[in-house]
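Working notes, structure below.
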Amino acid sequence: MPEDINISTVRDSFRESLASAKSLQELDEIRVKFTGKKGTLTQLLRSLGKLPPEIRKSTGQELNTLRDEIEQSLELTGKKIRDTENENQEFSQRIDVTLPSKGRKSGAFHPVLQTMHEIADIMQGLGYSVASGPEIEEDYYNFECLNVPAWHPARDMQDTFYFPDGTLLRTHTSPVQIRSMLKYGAPLRIVCPGKVYRRDNDTTHSPMFNQMEGLLVDKNVPFSVMKGTMSEMLNAFFGKSLRYRFRASYFPFTEPSMELDIECVECSGHNPHCRVCHGTGWLEVAGMGMVHPNVIRAGKIDPDEFNGFAFGIGLDRMAMLKYGIGDLRLLFDGNVSYFMSGFGGAESC
Ligand SMILES: [Zn+2]
């Protein structure tokens, strides 16, 4: 046995190490240091045979006692450390069921979709049904049936996206008029909301936009019904009684045709610097007219027996006017924070 190490020194050293142990890993290092293959205590036990016989037995007993003490202490301290770690883990993972919840942000309809629902609701109240049709359309339904044959100059009014097979992205919701007449016959009252596509892309035009078509076919439909329906719809949508102005216009599928202006919903014509109407006091909102007999005929309905009117409005423009959205692009760039912040006032980004 080395002379500079005695049993009480080893015991003190062990107790000191044990007192500072904070983790199972540190505890294991202590175990190796004292009772491992090359541990201090193990070395001492191995050197017993070199001791004089008269002290060998008593030293052996002392060393065995120390080994028992070390093993028991390691086991006891290990249990304490494990208990503490378990408690800490339970504490960090505990769930306080009394805490208030974080809440959940509810979703909302896109302003254009909301506008679409609102106008469709109003029209359903006037006895119209909601119809739909394909966005990839045949030339026949998009143009031919609507009194726009291939040679017709009106085709230049609408730059069209064509597919190689001759089909196209519908340029208006009007093909649904034909499909509905063919499917349901007359009398008929429908609105058809949906996406339409044209080769336009600048600050005031998007290659995809939303339109709503309306069609009424019945016997002896007077012009005044169209005017009454439009004013009823727009008054209900904007929540106030507006002034209207009908201007003569041209569409191949209606005769006579006209465009509808409403008084500026922002300034009612009282602000020469109005950002919405640019001081004119009027806003163009819809195109319409009495359905051309050729279109009625294309719907397999007799134009001598039935007539009607049709209109088309831009839903994006309606949404912008109602909700004060200053830039068309905001409707399509997916910036949810703009709409969550209450629309107007935000700059385009
Ligand atoms: Zn104005």
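The values are calculated or read from the model by the stated rules, or taken from the named source; none is laboratory data. What you see is a predicted model; the values in this text were computed from it and never measured. As a convention, Cβ positions derive from the backbone with ideal geometry for all residues, glycine included, and neighbour counts pool all protein chains shown.
For this structure, a couple of remarks:
Residue-by-condition table, conditions (1) of a type in the set (D, E, K, R); (2) not assigned by TED's automatic domain parsing to the domain that holds A186:
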site: N64; (1), (2): no, yes
site: E71; (1), (2): yes, yes
site: Q89; (1), (2): no, yes
site: R104; (1), (2): yes, yes
site: Y140; (1), (2): no, no
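- The range 249-304, residues that are in a loop (DSSP other than H, G, I, E, B) and away from the ligand (no atom under 16 Å from the Cβ): P252, F253, H292, G299, K300, I301, D302, P303, D304
- Criterion: over 30 Å from G228 (Cα atoms) and surrounded by 14 or more Cβ atoms within 10 Å (Cβ to Cβ) - qualifying residue of D68, D96, D28: D28
- Here L321 passes the criteria (1) more than 16 Å from the ligand (Cβ to nearest atom); (2) in contact (Cβ under 8 Å) with a residue 40 or more places away in the chain; (3) under 38 Å from the mean Cα position of the chain (by Cα) except the one numbered (1).
- Matching residues in the range 159-199 - criterion: being under 21 Å from F251 (Cβ atoms) and part of a helix (DSSP H, G or I): P175, V176, Q177, I178, R179, S180, M181, L182
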